[in-house]
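Report on the following structure.
Just so you know, all these numbers are worked out from the coordinates, no wet-lab data involved. These numbers come from a predicted model, not from an experiment. Positions of Cβ are generated from backbone atoms using ideal geometry, with glycine treated the same way; all protein chains shown enter the neighbour counts.
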Amino acid sequence: MEAKGTRRVQYSRSSPAEDLTAPGTVSSMKVFATTLTVPTRERTEICNLTDQLAALPALQQIAHGYVLLHSLHTTTGLCLNEFQEALLHDITTLLRRLIPSEQAYRHNDPAVSDDTRGNATGHLSAILLGQTLQIPVEHGRLMLGTWQSVLFCEFDGPQTRHVYVQVMGV
């Protein structure tokens, strides 16, 4: 059943020679999905996923679209920033100042929580960064600035982590 005011749209495939910006031109949407595995070695670690994403074969099939990344964990985050050692240190230092491990967090208190990992700081850090990113794709390439990298931030490692990736576009 369709909601009032909505309509069904029939999608058709455009030939490569068609102008996709012309009024009334509709191309079929392509959607690909995969899961990246990210093994971490430290309690807190920032990993660069840019090369792994850029190598996805699905990107080559997208002229105009997006890559959606979503971490499947509550103590990890995703962000765009420069992957430079001094900056990575500054990022982790900032998060430690904002969310000190010495704080008495209820999530870590066995009297009120069933958590045994003592990872409240990981959950709180992930909230600050967020767990989903969307990046434009043009002609098979991630549209990232010169110094932008896709960063996966681990706050409760070491563990094997997973990031769901959806590539979509025309």
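Couple of notes before you dig in:
- The string of couplings for the stretch 46-52 from the Karplus curve (6.51, -1.76, 1.60, θ = phi - 60°) is 10, 10, 8, 9, 4, 5, 4 Hz, one whole number per residue in order, with x for Gly and Pro.
- With neighbours defined as other Cβ atoms within 10 Å of a residue's Cβ, the residues Val137, Val38 order from fewest to most as Val38, Val137.
- Cleavage-rule hits (trypsin sites (Lys or Arg not before Pro)) in the stretch 29-76: DSSP loop, at most 14 neighbouring Cβ within 10 angstrom: Arg41
- Amide H within-cut-off set for Glu82, under 5 Å, with H built and near neighbours excluded: Ser149
- Percent of beta bridges antiparallel (DSSP, the stretch 21-170, rounded to nearest 5): 100 percent
- Compactness of the stretch 35-170 - radius of gyration and Dmax, Cα, Å: 16.3, 55
- A simple spin-label model places the labels of Thr34 and Trp147 3.0 nm from each other, with each point 7 Å out along Cα-to-Cβ.
- In whole percents, the pair-distance distribution calculated for the stretch 76-141 from its alpha-carbon pairs, binned every 5 Å from zero, is 3, 14, 18, 20, 16, 11, 8, 5, 3, 2, 0.
- Calculated FRET efficiency for the pair Gln84/Tyr164, C-beta based, R₀ 22 Å, to 0.05: 0.25
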